[in-house]
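These notes are about the structure you will find just below.
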Amino acid sequence: MRNSMIITLALLIFVLSMAFATWLEEQSQKIDARNRQYVKDMEKLRTIAQINSFIESEIAPFMVDEQSNSTEMDKKLIYFASENQNKYNLLVEKYIYEDDFAKNIDFSYKIERDKKDFLNDFLSMKYKDGFIQFRELKLDAKELSGRLQVVQPFSIENKSSQEIGAEDGSPK
Amino acid sequence: MSKFCAIDIQNSNATVLDVEKKDNVYLVTHHENVEIDKLPQFTKSKKNLFLNIEQDEIIDEKISVDSIVTNDNVIKSIIATKLRESNLKKEILFNYHQLPKTQNEKKVFYQVDGVYVEKYLDSLSLIENPVKIKSATISKFSLLALSNECINDESYFSIHLQSNKLTIIAVHKKSPIYSRITTLDMSDATMKEAKLVEQIVQTIAYVEQSFRDINFSIVALSGSLALDDSIAEHINIVSRPRVSVLYPNTFIKGLKAKEAHRFIFALGSLFVSKKLQFIPTSILGLKQYSMGSKIAFALSTLLAIVGIYFAYDRFVLYSDLFKEHEALVGKLNYLFTQIDTYPIEKLNRSLRHIQMNKKYLAHHPIDILSSLKPLLSLQKPQELQWSYKDDDLKFSATFKRQFESLKELYEFERLFFDRFEDINTTFTKSYLVKIDYKRMDFDTTVTIEKAKVEKEKVEQRRVR
């Protein structure tokens with residue numbers, strides 16, 4: 001009788017222990033999964049911190065103001081061309097046109113090779129509201145000539161509104 | 001060291017020996033005579049009980065079975081049937097063994113010994129917990145077992161006298177081939193001695209006559225016979241085998257030589273083989289139940305321990321993971337407070353800026369001119385062309401120079417191409433040489449292209 005009670009008690013302990021162990025195992029798996037997720041989240045946060053640092057040091061200082069007013073953008077391009085037209089003999093190759101990011105205008109240029117200061121200024125010339133992209137550069141015994149593109153970025157909102165407008169049939 | 005309790009249950013009293021076994025030597029630590037009524041209480045605390053039970057009525061028969069029957073179960077069944085025929089309505093426990101064959105016999109004789117269960121159980125019921133019984137048998141088998149331990153001869157007689165009960169067994173190859181138990185009821189000592197000698201001598205003669213092929217070498221006396229020299233002398237004179245006294249003291253310690261003869265049956269019960277024991281099925285069932293119960297107890301205890309260990313192990317793992325979890329939550333919260341998450345608009349603007357950089361500022365003539373600085377410092381190009389359209393970049397520069405001597409041309413040429421080779425660029429570089437050695441004119445066009453497709457050099461430089 002005493003043995004039977006002890007056996008029953010021992011088996012009960014075994015069953016309860018196993019049930020408890022199984023519950024702990026399930027909880028452990030849940031916590032382990034959560035821990036792994038947290039580790040991934042921390043890695044993501046560290047990556048975000050690196051991206052933030054990159055944006056602050058490498059992007060933000062050089063970011064140009066994206067315009068939303070189409071007329072204002074045209075004006076800026078034209079004014080920039082006018083400012084430098086005589087200096088570098090700028091001639092319009094392709095009038096204002098758009099791509100995914102910006103309004104552009106293409107010029108040809110021509111500078112005498114003897115004017116070294118002009119040459120240096122020209123090659124280091126910047127457009128403060130956007131970018132200048134060289135398309136072509138030729139240097140011969142007499143002159144420096146070629147083609148360049150002046151880029152005036154526009155904001156995403158502006159692009160979207162223009163696209164919606166285009167779908168409506170209104171002019172861009 | 002093992003501890004046993006050997007009990008010789010007689011009609012009105014019992015002899016109880018406490019025995020310890022160590023290295024094949026038995027030590028009798030205590031012996032006591034107990035009244036039969038007090039035996040249950042006395043044996044309550046004892047373990048490993050070896051019983052010798054004196055029975056007034058026993059079965060001692062020779063049963064013949066056809067020699068063609070060789071299967072043990074069939075032989076046992078035939079013997080049981082024959083026993084039932086002669087012992088109607090009485091439940092019996094028996095064992096059997098084959099007697100030596102004589103030539104040309106078609107039947108095999110078996111010596112069958114048994115007890116009547118009802119009376120036998122009366123004696124066994126004196127033991128409160130039958131599970132503690134390791135062995136139980138009757139006197140002649142206890143005598144046989146002890147005799148076999150003491151005597152190495154192949155065939156012998158073992159004769160025991162206790163009170164008025166004379167037990168004679170003839171043993172051949174460790175098995176009893178004949179046994180006789182006689183009670184001598186005589187008050188006169190001289191008459192009793194004469195009768196005793198007569199009984200013994202006649203029995204020896206009868207057995208020797210019955211088993212002529214067997215040469216009995218010893219008559220071993222024990223019990224009261226071992227203490228009476230005159231009886232031994234008488235037997236020695238009349239019978240052929242030499243007479244000796246059973247001497248178990250070589251392997252049983254704790255008793256004097258003469259003292260041991262008072263406990264021959266009790267001591268013998270320690271050595272009885274399983275085949276010569278009589279344990280009723282009810283007790284065997286109880287023993288099996290007890291064994292099963294012990295195994296179940298051990299298994300369940302083991303399971304409980306394993307379960308507890310397993311649960312503990314899981315708990316430790318859970319606890320460690322929980323600590324790690326808390327530490328991670330702390331770190332994560334700290335990082336959340338420390339790291340700003342920029343609004344999506346800002347990120348989009350940054351991304352657009354990167355994309356625009358890639359699109360509009362990927363290439364600038366200055367980049368290639370910078371990499372050509374070592375050449376430009378050596379000789380200014382006469383012509384230079386750079387173009388970038390639809391991800392197709394091409395640069396070419398023509399270097400011309402006239403020399404006064406071939407040596408100068410040679411040295412310039414070497415320096416020029418060494419510097420050209422040293423130019424480090426990811427683009428494909430090549431050159432076109434049109435040097436006029438007669439007029440000593442250096443004329444080379446260097447081309448650098450973005451390698452969309454690997455182009456072969458226009459002209460390989462001469463190996464010098």
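We did not get these values from a lab; they are worked out from the coordinates using the rules stated. Note that the structure is a prediction, hence the values are computed from the model and not measured. Every residue, glycine as well, gets a Cβ built from its backbone with ideal geometry; the counts of neighbours run over all protein chains shown.
Worth pointing out:
- Amide H contacts of A:SER68: A:SER155, each under 5 Å away and 5 or more positions distant or on a separate chain (H built 1.01 Å from N in the peptide plane; Pro and chain starts excluded).
- Compared with the dominant principal axis of the Cα atoms in chain B, helix B:189-210 is inclined by about 60°.
- Trypsin sites (Lys or Arg not before Pro) restricted to DSSP loop in the stretch B:202-304 with at most 13 other C-beta within 10 Å: B:ARG212, B:LYS256
- Backbone amide hydrogens, once placed in the peptide plane, bring B:LEU99 within less than 5 Å of B:PHE109, B:TYR110, B:GLN111, excluding anything fewer than 5 places away on its chain.
- Peptide A:18-28 has a mean shielding of 6, counted as Cβ atoms of other protein chains within 10 Å of each residue's Cβ.
- Extreme residue, positive dipole direction of chain A, given options A:ASN35, A:SER57, A:PHE101 (C-beta unit charges): A:ASN35
- Centre-to-centre, using Cα atoms only, the stretch B:346-384 and the stretch B:173-235 are separated by 131 Å.
- Computed over neighbours whose Cβ is under 10 Å from that of B:ILE59, the net charge equals -3, Lys and Arg +1, Asp and Glu -1.
- Dipole moment magnitude, nearest 20 debye, the protein assembly as shown about Cα centre, only Lys, Arg, Asp, Glu C-beta charged: 940
- Our analysis of the stretch B:369-449 gives Rg over Rh at 1.00, with the two radii drawn from alpha carbon positions and Rh computed by the Kirkwood formula.
- One Cα centroid belongs to the stretch B:273-296, the other to the stretch B:1-76; the line between them spans 15 Å.
- Between the Cα long axis of helix B:139-150 and the first principal axis of chain B there is an angle of about 60°, rounded to the nearest 10.
- Greater than 32 Å apart at Cα, pairs in A:LYS126/B:LYS346; B:LYS359/B:LYS434; A:LYS44/B:LYS429: B:LYS359/B:LYS434; A:LYS44/B:LYS429
- For the stretch B:269-404, the Cα gyration tensor yields ellipsoid semi-axes of 96, 28, 14 Å (square root of five times each eigenvalue, largest first, whole Å).
- Cross-link reach is defined here as a Cα-Cα straight distance under 16 Å, omitting same-chain residues fewer than 8 places apart; for B:LYS253 the lysines meeting it are B:LYS3, B:LYS21, B:LYS22.
- Residue order, fewest to most surrounding Cβ atoms within 10 angstrom, among B:THR137, A:THR71, B:THR341: A:THR71, B:THR341, B:THR137
- Each principal axis of the Cα cloud of chain B was evaluated for its coordinate range; sorted largest first, these ranges are 164, 61, 47 Å.
- Coordinate range of the alpha-carbon atoms in the stretch B:167-305 per principal axis, descending: 71, 36, 31 Å.
- Summing Lys and Arg as +1 and Asp and Glu as -1 over all other residues whose Cβ lies under 15 Å from the Cβ of B:LEU166 gives a net charge of -2.
- Qualifying trypsin sites (Lys or Arg not before Pro) in the stretch B:3-52, where qualification requires a DSSP coil assignment and no more than 15 other C-beta atoms within 10 Å, comprise B:LYS44, B:LYS47.
- Other protein chain C-beta atoms within 10 Å of residue C-beta, averaged over B:355-361: 6.
- When you filter the GluC sites (Glu not before Pro) in the stretch B:401-446 for DSSP loop state and at most 11 other Cβ atoms inside 10 Å of their Cβ, you are left with B:GLU404.
- In terms of surrounding Cβ atoms within a 10 Å radius of their Cβ, B:TYR360, B:TYR247 rank from fewest to most as B:TYR247, B:TYR360.
- Per residue Cα convex hull volume in Å³ - calculated over the protein assembly as shown: 433
- Crossing angle, helix B:281-338 versus chain B [Cα axis fit, 0-90 degrees, rounded to tens]: 20
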